[in-house]
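The values are calculated or read from the model by the stated rules, or taken from the named source; none is laboratory data. What you see is a predicted model; the values in this text were computed from it and never measured. FYI the Cβ positions are ideal-geometry reconstructions off the backbone, even for glycines, and counts take in every protein chain you see. All accessible areas refer to the heavy atoms of the entire protein, side chains included, with ligands and DNA or RNA removed. Shrake-Rupley method; radii C 1.70, N 1.55, O 1.52, S 1.80 Å.
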Amino acid sequence: MSTYKVGVIEDVNKVVFFDAEKREPGDKQVLVKVDSCAICTLEQRVYSGVMNKYPFAGGHEAAGTVEAIGKKVKGVKVGDKVAVRLLNSCGECYYCRNGHENQCTTSFIAETQECAFGPGGFSEYMMMNAADVYKMADDIDLTHAALTEPLACCVHSIENGKIDLGDDVVVIGIGIMGALHIQLAKLKGARVIACELDEKRLEVAKKMGADVLINSGKVDAVEEVKRLTDGRGADVVFCTVPSSALAKQSVDMTGKLGRTVFYTSFHPDNPIEISPNKVHSSEQIITGTVNPMKKDFLIATRLLSSKLIDVCELISECVPLSKLDLAMEKALKPDTYRIVVRP
Ligand SMILES: [Zn+2]
Ligand SMILES: [Zn+2]
């Protein structure tokens, strides 16, 4: 019997490795040899103790190659490069059945390891259901493929923004999610205005293709967006920073018939003041976006496979799985983009 390593967050700031038994896949299962798994905020929250779920087999942004397939698997073959969908939906609730599985009432995590709860991407192997395994291009860099899940979240957000050709689109906050929003909005044919306090991040925005950069620490971002749009305000604004003050700014800088999309979740969730009369007279739409749908995940794999989206700049560092604790520490630093863990 051969075994493999699974990285598990056992307690606050504590990572251990469990030995798991390598099994043969069942009929509709796929054994994936993990190549890369990026660290997202979910794992950071568990590691730093903000979320208390121990032991937790973290890692939900994973990619690898198919090692073995079950008898009834048709979508992939041994040796294929794949991305895996680990933040899943139940398939049974009202929203799953009416085509909005991102609003699933249980939205569970696909468990790929028997030794601990969690998506289990910080490991050498994962046992996946075939439906959650997505084939990528043969020449894809698997460290890039690991960013399929965050890209899928942004794809869903961009679709909610309903961008038209030539629209003025503002992206507030140039973390990894803001950076992906810029690239996607450019693909949709928008003029993209990036708002950010940090000069280094504004440089990233430029590399992502932003047309106009606003340092919101130096100028009034709402006034600047109005000036750039002949007083109209933006057609679409994406707020990617968990700050109620910036949520209010996003609403204020959105023009008539425009859409404001709250991409991020807000902690703490401080209420903001909205002028009902502005919403009434402008027919402005304020909406949010949460979790990708299967379709968004598929689109993300295609965008990465065809190299229409480039995530190279957004991977700060690759760290071996054996140094998972170090990788976590690095990911928690505010100036890093994605840290990718590699078995
Ligand atoms: Zn994620
Ligand atoms: Zn559901």
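I need every pair where a residue in the range 131-148 that is assigned by TED's automatic domain parsing to the domain that holds ILE109 has its Cβ under 6 Å from the Cβ of a residue that is at pLDDT below 95, sequence separation at least 6 or different chains.
What qualifies is ASP132/ALA110.
Scan the range 1-60 residue by residue and report those that are among the β-branched types (Val, Ile, Thr), away from ligand 1 (no atom under 16 Å from the Cβ) and either in contact with a helix residue (DSSP H, G or I) (Cβ under 8 Å, 6 or more places away or on another chain) or more than 15 Å from LEU326 (Cα to Cα) (or both).
Keep residues of the range 1-60 that are among the β-branched types (Val, Ile, Thr), which gives 3, 6, 8-9, 12, 15-16, 30, 32, 34, 39, 41, 46, 50.
Of the ones still in play, those that are also away from ligand 1 (no atom under 16 Å from the Cβ) are 3, 6, 8, 12, 15-16, 30, 32.
Selection gives THR3, VAL6, VAL12, VAL15, VAL30, VAL32.
Looking for something touching a residue at least 12 places away in the same chain (Cβ under 8 Å), closer than 27 Å to LEU314 by Cα, more than 16 Å from ligand 2 (Cβ to nearest atom) and open to solvent by less than 50 Å² (accessible area, probe 1.4 Å) - is there at least one such residue anywhere in the range 89-108?
no
Please tell me if VAL73 is outside any loop (DSSP other than H, G, I, E, B), of a type in the set (A, V, I, L, M, F, W, C) and more than 16 Å from ligand 1 (Cβ to nearest atom). Write out each step before concluding.
On the way: outside any loop (DSSP other than H, G, I, E, B): no; of a type in the set (A, V, I, L, M, F, W, C): yes; more than 16 Å from ligand 1 (Cβ to nearest atom): yes.
So VAL73 fails the test.
Tally up the residues in the range 196-212 that are surrounded by 18 or more Cβ atoms within 10 Å (Cβ to Cβ) and either free of Cβ contacts under 8 Å to residues at least 40 places away in the same chain or not assigned by TED's automatic domain parsing to the domain that holds ALA245 (or both), please. Let's see the steps before the verdict.
Of all residues in the range 196-212, those surrounded by 18 or more Cβ atoms within 10 Å (Cβ to Cβ) come to 196, 201-202, 204-205, 208, 210.
When the remaining residues are screened for being either free of Cβ contacts under 8 Å to residues at least 40 places away in the same chain or not assigned by TED's automatic domain parsing to the domain that holds ALA245 (or both), the result is 196, 201-202, 205, 210.
Residues flagged as surrounded by 18 or more Cβ atoms within 10 Å (Cβ to Cβ) and either free of Cβ contacts under 8 Å to residues at least 40 places away in the same chain or not assigned by TED's automatic domain parsing to the domain that holds ALA245 (or both) within the range 196-212 amount to 5.
If the requirement is being of a type in the set (Asp, Glu), within 16 Å of VAL34 (Cβ to Cβ), modelled with pLDDT of 95 or more and away from ligand 1 (no atom under 16 Å from the Cβ), which of these qualifies: ASP141, ASP132?
On the way: ASP132 fails: away from ligand 1 (no atom under 16 Å from the Cβ).
After ruling out the rest, the residue left standing is ASP141.
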